[in-house]
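Some notes on the structure that comes next.
The values are calculated or read from the model by the stated rules, or taken from the named source; none is laboratory data. As the structure is a prediction and not an experimental result, all values here were calculated from the model. Neighbour counts run over all protein chains shown; Cβ positions are idealised from the backbone, glycine included.
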Amino acid sequence: MSLCHETYRRCASLALVLALVLIALPTLLNSQTAPAPKAMTTQSSDDFPKVELFVGYQWWNPGGNIPDTNTPPNAIKLPSVTQGFGANLSYNFTKMLSLEGNYGGNWGSNRYVANSAFAVGPKLTWRGENVNFFLHTLIGVDRFSQRDLDATNGIAAILGGGMDFKIWKPLSLRLFEADYQLQRVNFSGDVPANDSALRRQTFNGVRLTTGLVFNFGGAPEIPVAAACSIDRSEVLVGEPLHVTVAPSNFNPKHPLTYTWASSGGKIEGKDTGASIDTNGAAPGSYTATATVTDAKSKNNGVASCTSNFTVKPLNPPQISCSANPGTVEIGTSSTITCTCSSPDNATVTVSNWTSSTGSVAGSGNSATLTTTGASAGQATVNATCTDSRGLTASTSSSVTVNNPPPPPAPVVDKVLEARLALHSVYFVTDKPSVKAPNAGLVKSQEQTLESLATDFKKYLEAKPDAHLTLEGHADVRGSVPYNQALSERRVARVKSFLVEQGVPEANLDTKAFGDQHNLTAAEVKSAVEANPELTKEERARFLRNLTVIKWASNRRVDVTLNVAGQTETSVRQYPFNAADSLTLIGGREADRKAAAAKKAPVARKGTKKPTKK
């Protein structure tokens with residue numbers, strides 16, 4: 001019964017201690033915050049209390065044996081004791097280092113065990129914003145008692161640590177404290193001397209504690225503050241301002257938000273800086289306000305400040321311009337120079353150059369009027385002077401634009417004109433075909449067209465209105481519709497070839513005659529007889545095949561040069577001397593090199609009469 005009373009007495013004592021702490025807590029808190037009565041403060045990670053008092057529940061596992069009541073006694077393992085009370089008091093010398101006095105007591109109905117340990121030692125604390133971690137190593141004394149044994153005193157050593165969660169500055173919750181407790185227990189009154197192992201026991205115990213931590217003292221928190229500054233106290237309308245805020249005494253680990261407001265102008269802020277646009281603001285005095293907020297702080301988390309500025313009226317810029325020269329001919333240019341200034345010494349620029357005729361391009365205070373394509377008369381050039389506040393002033397200057405004297409008549413290159421000898425272009429029988437409209441030109445005729453294109457393009461530089469008329473023909477062996485379509489394809493192929501060589505399509509005209517206007521046998525014979533490039537034998541051989549030669553001579557496109565009432569038609573001279581002349585006639589190619597070297601009648605006799613295709 002005495003041990004039961006002892007247990008109840010210990011529980012009553014614990015309840016009394018907790019009641020006293022709760023009664024004294026408001027007084028302790030008031031004394032702690034007394035240095036700053038006008039502002040509620042929050043504790044930053046750099047603040048720490050001077051004194052920390054912990055009280056709470058403790059569970060103990062002794063980790064050792066005790067003797068039983070037998071003679072001689074036997075060693076029995078002492079089970080864990082679930083009823084207990086822990087307390088400690090720490091005095092903090094620095095943010096991390098403190099001296100701790102620690103008490104832990106446990107009792108239980110299991111064999112009526114009671115154990116009390118008091119120890120003192122250093123404590124190291126790592127303090128975070130909301131959580132503290134600590135380690136301590138302590139040494140002291142303990143008292144162990146059991147109903148059937150004599151009470152014993154011994155040395156105790158404690159090593160462990162734990163974690164505290166901050167509820168608010170004066171109060172934290174100890175989530176856990178885990179300690180290794182080593183203590184020496186002497187059972188010499190109950191165990192004979194020959195059993196030294198049981199007579200002197202070493203308990204390697206573990207204890208777990210949780211409860212509340214009360215924090216006292218420490219530096220009071222300084223109220224948060226903000227200081228504003230502005231780059232200029234006076235500006236002209238339209239000039240920008242920049243205002244900054246410097247917060248102080250806020251928790252450095254908390255994010256801050258910044259709100260900006262102004263009684264005049266448009267303010268736009270980001271973090272600690274803001275810009276004020278005074279465009280449109282009336283002259284007068286205004287105030288810019290910055291508010292800094294710590295959303296994570298329940299108290300003492302807002303501070304604000306102001307900066308004053310004055311907006312003064314402003315004057316527009318002034319501009320004047322002059323032209324040099326003042327009179328120009330169409331196609332020439334004039335330089336426009338402007339003088340731009342601000343009575344308020346604001347930065348000015350000249351821009352928005354425009355002209356009533358011609359074109360104008362400016363850079364800085366000057367511009368160039370280009371009159372190419374302009375009409376004769378007065379050209380008015382306008383310019384705008386703009387200052388840094390957006391105020392503008394405009395002016396203009398005039399330039400007289402006259403027509404230039406008429407250009408001299410174009411000089412035609414006589415050598416080129418003499419070289420521009422036109423030649424008709426000849427095609428192979430039934431070429432080009434419907435399926436291959438871009439074929440049909442043999443190599444010699446392509447070379448003729450290439451020379452024609454080169455000379456005609458050069459000729460156009462002096463005579464841009466010159467035209468070439470392409471007239472297509474076909475021999476009489478096809479039907480009228482067939483020959484008409486064939487001559488159209490031939491003239492289209494010559495035109496496309498000239499365009500491919502760079503001749504402007506606009507300077508080319510086409511006509512297709514089919515088998516109309518065919519050369520007669522007499523005309524072809526006369527042309528063969530007058531051809532200076534043929535030998536007597538060649539001329540005789542071609543005259544013997546006059547019908548074939550007549551057909552070949554009519555498979556052609558004639559070229560006519562038209563310029564300023566002047567007309568020149570191509571020479572319709574069949575290219576007998578071309579390497580591919582037999583192809584044009586319709587026969588197979590001979591070895592032209594051998595024929596040209598020997599000029600032998602045998603070589604000419606070997607030429608077969610072309611067959612009709």
Residues (surrounded by fewer than 18 Cβ atoms within 10 Å (Cβ to Cβ) and either aliphatic (A, V, I, L, M) or touching a helix residue (DSSP H, G or I) at 6+ places or on another chain (Cβ under 7 Å) (or both)) located in the stretch 183-207: SER188, ALA193, ALA197, VAL206
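When you look at VAL491, is it in contact with a Lys or Arg (Cβ under 6 Å, 6 or more places away or on another chain), buried (at least 19 other Cβ atoms within 10 Å of the Cβ) and either in the same structural domain as ASN438 (by TED's automatic domain parsing) or part of a strand (DSSP E or B) (or both), yes or no?
Here the answer is no, as VAL491 does not meet what is asked.
Restricting attention to the stretch 123-164, and to residues there that are assigned to a strand (DSSP E or B) and among the acidic types (Asp, Glu), which single residue is surrounded by the fewest Cβ atoms within 10 Å (Cβ to Cβ)?
ASP150
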Close pairs (8 angstrom Cβ cut-off, 6 or more residues apart or separate chains): β-branched (Val, Ile, Thr) in the stretch 184-210, crowded, with 16+ Cβ neighbours inside 10 Å and assigned to a loop (DSSP other than H, G, I, E, B) anywhere: VAL185/GLY64; VAL191/PRO73; THR202/GLY64; VAL206/GLY63
From ARG207, ARG232, residue being assigned to a strand (DSSP E or B) and among the basic types (Lys, Arg): ARG207
Unmet criterion (only one of (1) closer than 25 Å to LYS443 by Cα; (2) in a helix (DSSP H, G or I)) for LEU468: (2)
Residue that is nearest to ASP47 (Cα to Cα) [pool: residues in the stretch 111-136 that are out of contact with any Phe, Trp or Tyr (no Cβ under 6 Å at 6 or more places or on another chain) and of a type in the set (Phe, Trp, Tyr)]: PHE134
Selection status of GLY63, part of a loop (DSSP other than H, G, I, E, B), modelled with pLDDT of 50 or more and crowded, with 17+ Cβ neighbours inside 10 Å: yes
Of all residues in the stretch 167-181 being out of contact with any Phe, Trp or Tyr (no Cβ under 7 Å at 6 or more places or on another chain) and surrounded by fewer than 18 Cβ atoms within 10 Å (Cβ to Cβ), the one that is nearest to PRO220 (Cα to Cα): TRP168
THR448, sole failed condition from (1) modelled with pLDDT under 85; (2) touching a His at 6+ places or on another chain (Cβ under 6 Å); (3) of a type outside the set (A, V, I, L, M): (1)
Some residue of the stretch 539-550 being without any contact (Cβ under 8 Å) to a residue 40 or more places away in the chain and under 22 Å from LEU441 (Cβ atoms): yes
